[in-house]
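Undergrad: Below you'll find the structure I mean.
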Amino acid sequence: MPNASAMQEQLHLNGSAANGVSSSNGVSSNGNGYLSSSATQNGLNGHHMNGNGALMPMKCTCKSASSVGSSDSNNNKGHEKCTFHHDLELDHKPLTREDLLPFMSKSYRMLLSSLGEDPDRQGLLKTPERAAKAMLFFTKGYDQSLEEALNGAVFDEDHDEMVLVKDIEMFSMCEHHLVPFYGKVSIGYIPCKKILGLSKLARIVEIFSRRLQVQERLTKQIAVAVTQAVQPAGVAVIIEGVHMCMVMRGVQKINSKTVTSTMLGVFRDDPKTREEFLTLCNNK
């Protein structure tokens, strides 16, 4: 999960460093680089900033820590009263992304102020929290794994002809400008004794599109995930996307579309198989 790096970036933006300087956002550190009480009250407890300003987990000070196996993430024995129970070095779970809402809300509030707006006026009073929640939703794919999405929906089936699901709606966020891009995804694969529940193809799209992305990488990640799921003879993915960074800013070409493809296995090696896939995708 990207929360530590995201917080590190915000801490740099807020002028926080491990030198005892307080930020305008109420996040500060003492001379040892540890977050002050104002930061821990905002859900950042258990972490400190190193000399480079990066947010890092503190070491557990629990006396019984050495007697507890660090390889068992479900073993909480001996840490019931540990202040830094979520220490990553102990293989405990880190802060959830929802725990970052107060910090993210403060960051959005600072952004509004930087734009010359009054974050206390009626229309913007709850905007920082709304924006923070929206950003967590837009990037919820960071919290999802392929195994969870498949949920065991891989079935033995003696079928060796192409399976195609096309026009899967996709929404993502451009990692360069933090504005949306959206479009449709078509996925084809040729099974090797195993097939995937059809809805799981759409769920795979959701996992990787709900992140900060570029369309080229998204296309490849979807193809690789299908390959990992059912080890088919080949996988083909085509995405047609509209990028708001080209529509509402920059060159402002409202009718432009970006098409990317990834061909693996027989789709790359056999022109006839690739042609069949492209023909089926173009059929309305």
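Undergrad: Let's see if you can work this out: charge +1 on each Lys and Arg Cβ, -1 on each Asp and Glu Cβ, no other charges. What is the dipole magnitude of segment 185-278 about its Cα centre, in debye to the nearest 20?
TA: 320 debye
Undergrad: Based on the Cβ-Cβ distance of N151 and H177, what FRET efficiency does E = 1/(1 + (r/R0)^6) give at R0 = 35 Å, to the nearest 0.05?
TA: Here the calculated transfer efficiency is 0.55.
Undergrad: For K272, put the label point 7 Å out on the Cα→Cβ axis and report which residues of segment 213-249 keep their amide N under 20 Å from it.
TA: Answer for segment 213-249: 233-236.
Undergrad: Going down the list K166/K253; K200/K253; K220/K272; K140/K193; K200/K220; K166/K272, which pairs span over 24 Å between their C-alpha atoms?
TA: K166/K253; K200/K253; K140/K193
Undergrad: Using DSSP to call loops (not H, G, I, E or B), can you name the GluC sites (Glu not before Pro) in segment 167-247 whose Cβ has at most 16 other Cβ atoms within 10 angstrom?
TA: Sites meeting the loop and neighbour criteria: E175.
Undergrad: If you don't mind, another one. Which three lengths, in whole Å and largest first, does segment 199-284 cover when its Cα atoms are put on their principal axes?
TA: 42, 26, 22
Undergrad: Heavy atoms only, probe 1.4 angstrom, no DNA, RNA or ligands counted: give me M110, M173 ranked by accessible area, highest first.
TA: On the way: M110 55, M173 15 Å².
Final ranking, largest accessible area leading: M110, M173.
Undergrad: Further question on the same structure: Of the heavy-atom accessible surface of segment 107-153 (probe 1.4 angstrom), what whole percent is carbon and sulfur?
TA: Within segment 107-153, the accessible surface is 53 percent carbon and sulfur.
Undergrad: Roll a 1.4 Å probe over the protein heavy atoms and report the accessible area of R249 in Å², nearest 10.
TA: 100 Å²
Undergrad: What FRET efficiency comes out for K284 versus S114 if R0 is 41 angstrom and r is the Cβ-Cβ distance? Round to the nearest 0.05. List each step's numbers first, then the result.
TA: On the way: r = 47 Å, r/R0 = 1.15.
That pair, K284 with S114, gives E of 0.30.
Undergrad: Kindly write out, for segment 105-110 in residue order, the coupling ³J(HN,Hα) from the Karplus curve 6.51 cos²θ - 1.76 cosθ + 1.60 (θ = phi - 60°), rounded to whole Hz, with x marking Gly and Pro.
TA: 4, 4, 5, 5, 4, 5
The values are calculated or read from the model by the stated rules, or taken from the named source; none is laboratory data. No experiment lies behind these values; they were computed from the predicted model shown. Here Cβ is always computed from backbone atoms with ideal geometry, including for glycine, and neighbour counts include all displayed protein chains. These accessible areas exclude ligands, DNA and RNA; they are computed on the full protein's heavy atoms, side chains included. Shrake-Rupley method; radii C 1.70, N 1.55, O 1.52, S 1.80 Å.
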